[in-house]
Amino acid sequence: MELYAWMGKPLKDHLEDTLKAAQVLASRQGIKLDQEAEKAIWLHAAGKAHPAFQACLLSFGEFFNPAPLSAAFVLQATGNRSYAEAVLSQYTSLAEGRELEREVRFWGERLEEVPFSDPSITAKIREVPPPPRGPEAWLEKRLFYSLLLAADLYATLLEREWEFLPLQVDLEQVDKYAITQRSRPGAPWRIALRREVQARAEKIEGPGVYTLSLPTGGGKTLMGLEAAMMAAVKTDAPSLVYVLPSQTPIEENANVARIMFKKFFFLGEDHHPPVGPPLEGVPFSLSFRRQFFSFWYHWQEPVMVTGLERFIELLYSPLAQEALSFYRLYGAVVLLEEGWCLPTPQGENLFSFLSSLAEKMNMTFILPCPWPWGEEGIAEIGPGPHVFPGDRYQVDWDPVPLEEGELLSFLESHLALGRGRSLIILNHPGKALSLWLALEKKGLNPSLLTPWMAPIHRRAVVQEIRQNRRDQPVCLVATPMGEGVDLDFSLVFRELAPLPRLLWAAGRCNRHGAKERGGIFIRDLQGRSLYPRDALEKTRRALGEARTFLERELVTLLGLYTPGPEDRAYPEEIPQATLILPYGERQRDWDILTGRAAPSRGMELLHLKRSAYRRFATQALSLPEVWLREWSERMPGGVTEVMPGLWFLEEGALGKVYSPRWGFLPPEGER
């Protein structure tokens, strides 16, 4: 009797293809698969041989989940609990606790029900070993789990049409890009910094953790990428991962990466907004939206640009599709911006955790930072001193909170609104939108930058400001996204935020030191915020009483401040749905993504789907579903749910629900 993995695919062929894919993927990353791991991968779907599954496949029987039986096979054959738990979890999320005991106790005595080629596999199940403890056990299970998921995906979706692109770097491309930046103010200073960073990066001998301390405006993006590329050559890395803060316009930095690697076209992007703070004791839930996008979470390209929140999910989330690419970190070079916001298991020291990962996963971490880390035993490839040659700005701080109603009059008194170049950064999109509307009403023609705008329109805002003449008035109202734009302002207002974020915001003020000293105003505003109150109080204590101080004093304050994961920003409203704006190719892209239009197969189809997905992503924003549902009731036909968690904005709703100028407009009472 022929056994099948699915209709038309013999089970034996699928098991062989999966093992072969795992061997190829492991070899590509430099992972050593031992005999027990290969045996576990071979048996990962052995439970499908059960008559009940075969009957279900032929529509003769009820649903039968083969994973528990497959896990029993793996435990019997290898005695490795981590491998068995991974197999048990391959269709859901990584199993913990006593799930394995419960499943194996039931299935362990029934292995003989399966007609299998190896009679020794049906021997009585051995005693379930206790759960392994410690970071090494966690790492072993997660690495195996990820590799198993990826191998099964390749064997299932791509059959044997595998194509892997090697990581190639062209350091001459960095030189060409650097030449285009030499006309900018402050270029001689940045050129000298770059030479020192190059000399230090040349000394990277192998995997490890390296810090790159550079003052804001010093060329962190360029030098960080160049150092990562040099490290990739030194360590013969199979992949390079560029991790950016999720509260900045990722597309800005991604564009620099595209230029660096354009000769090879091997760059992928995978990022989405944060989904909120972790909740103790609350399991991860798998939304339909995440299921729909899950396939694109596989990092096939040798260069990936991703957000911090997505990277955190890759490290820790138990969900199968979010852990899928973990194995791609093995041997990788990771350029990790704002690394201090990365949570660690049991709150252990960040550098101890990264050093352990570097050692066990053959990884290289490069952590750019605008102040000296000063961590003992960690190599520094930044040049120092860590401040701009001269003070570019003066900071004005007053701990007395401002009421939201007082903000506009304060800005009119202290910022040259309508006359100079002003940046206003507030902690919540609702606050930013309300202020923008007030400034627009006054005829000041402000610009807006918030996560309630699609990437394509955020990019347009930055480009428009960049193309303005330097003497042309500019007023940009932004959320923390404004801290990541490469723009220059004379005056900056920053709502109180964790101290590192204040330094990022300050880096937009007189950025190149080409003008007279700029001014930065820091005030605590009442109302909603993206940051935990504890993080704000920590900053308030660091700043002390009302005073004015210069740039170098702000950097000195950071030397006395201990940043951590609590400094991350979280949205008050958890995004639960994705809204796709109308654009010319939307229906065609939707048909490709849902399989209605599939003119190709294999790698060609994969390319088509990824291209469609990326076009979707430029026109997408994540929002609370309750807002979209309310708009669909108020404006029938304006906002349409096309599948659970995924909505389309129709043409008639442009200018009402969404505008390229101000983004998404939440229902009244939610702003």
Open item on the list: My understanding is that a pair violates if its Cα-Cα distance is over 20 Å; which of LYS20/LYS360; LYS220/LYS360; LYS12/LYS48 do that in this structure?
Closed with: LYS20/LYS360; LYS220/LYS360
Open item on the list: Angle check, please: helix 429-441 long axis (alpha carbons) against the longest principal axis of the chain (alpha carbons), in degrees 0 to 90, nearest 10.
Closed with: 40
Task: Karplus-derived 3J(HN,Hα), 6.51/-1.76/1.60, for each residue of region 498-513, Hz, glycine and proline x - done: x, 3, x, 6, 5, 5, 4, 4, 4, x, 8, 9, 6, 4, 9, x
Task: Positive-pole candidate from TYR393, LEU476, PHE549, dipole of region 393-562, charges at beta carbon - done: LEU476
Task: Degrees, to the nearest 10: 220-235 long Cα axis against longest axis of the chain - done: 30
- [ ] Please turn the phi angles of region 34-40 into ³J(HN,Hα) values with the Karplus equation 6.51 cos²θ - 1.76 cosθ + 1.60 (θ = phi - 60°), one per residue in order, whole Hz, x for glycine and proline.
- [x] 7, 4, 5, 5, 5, 5, 5
TODO: Grab the Cα-Cα distance for GLU163 and ASP591, subtract it from 0.36 nm times how many residues apart they are, and report the gain in nm with one decimal.
DONE: 151.6 nm
Open item on the list: If you fit an axis through the alpha-carbon atoms of helix 533-543 and take the longest principal axis of the Cα set of the chain, what angle between them do you get, 0 to 90°, nearest 10?
Closed with: 40
Open item on the list: Skipping prolines and chain starts, which residues have an amide H placed within reach, meaning under 5 Å, of the one on TYR393, given they are 5 or more residues away or on another chain?
Closed with: GLY518, GLU551
TODO: Out of all DSSP beta bridges with both ends in the chain, state the antiparallel percent to the nearest 5.
DONE: 25
TODO: Would you be so kind as to identify which of HIS512, LEU423, HIS457 lies farthest towards the positive end of the dipole of the chain, taking Lys and Arg as +1 and Asp and Glu as -1 on Cβ and the Cα centre as origin?
DONE: HIS512
Task: Amide H contacts under 5 Å for ALA569, placed H, 5+ residues apart - done: none
Task: Relative contact order (%) - criterion: Cα under 8 Å, at least six apart; region: the chain - done: 13
Open item on the list: I need the fraction of alpha carbon pairs in region 393-562 separated by more than 29 Å, rounded to a whole percent.
Closed with: 13
Task: Helix-only CD estimate at 222 nm, as mean residue ellipticity for the chain, using -39500 (n - 2.57) per DSSP H run (n ≥ 4) - done: -12000 deg cm²/dmol
TODO: May I ask you to evaluate 6.51 cos²θ - 1.76 cosθ + 1.60, the Karplus curve with θ = phi - 60°, for each residue of region 166-183 and list the ³J(HN,Hα) values in order in whole Hz, giving x for glycine and proline?
DONE: x, 6, 10, 10, 10, 5, 5, 5, 5, 4, 4, 5, 4, 4, 5, 9, 6, 7
- [ ] Quick one: plug the Kirkwood hydrodynamic radius of region 522-671 (C-alpha pairs) into Stokes-Einstein at 10 °C, 1.306 mPa s, and report D in µm²/s.
- [x] 83
Task: Cα-only radius of gyration and Dmax that characterise region 577-664, units Å - done: 13.9, 43
- [ ] Please report, in debye to the nearest 20, how large the charge dipole of the chain is about its Cα centre when each Lys and Arg carries +1 at its beta carbon and each Asp and Glu carries -1 there.
- [x] 1720
Open item on the list: Name the residue from PRO10, SER490, LEU608 whose Cα lies farthest towards the positive end of the charge dipole of the chain, charges +1 on Cβ of Lys and Arg and -1 on Cβ of Asp and Glu.
Closed with: SER490
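Restricting to Cα pairs below 8 Å that are 6+ residues apart, what does the relative contact order work out to for region 393-562? Please round to a whole percent. Each step should come with its number before you reach the end.
Details: 292 pairs, mean separation 60.7, N = 170.
Rounded, it is 36 percent for region 393-562.
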Open item on the list: Please state the shape class of the chain: rounded when a/c is under 1.5, otherwise prolate if a/b exceeds b/c and oblate if not, all from the C-alpha gyration tensor.
Closed with: prolate
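Since every read-out is calculated from the coordinates, none of them should be taken as a lab result. These figures come from a predicted structure and were not determined experimentally. Every residue, glycine among them, receives a Cβ derived from its backbone with ideal geometry; neighbour counts consider all protein chains shown.
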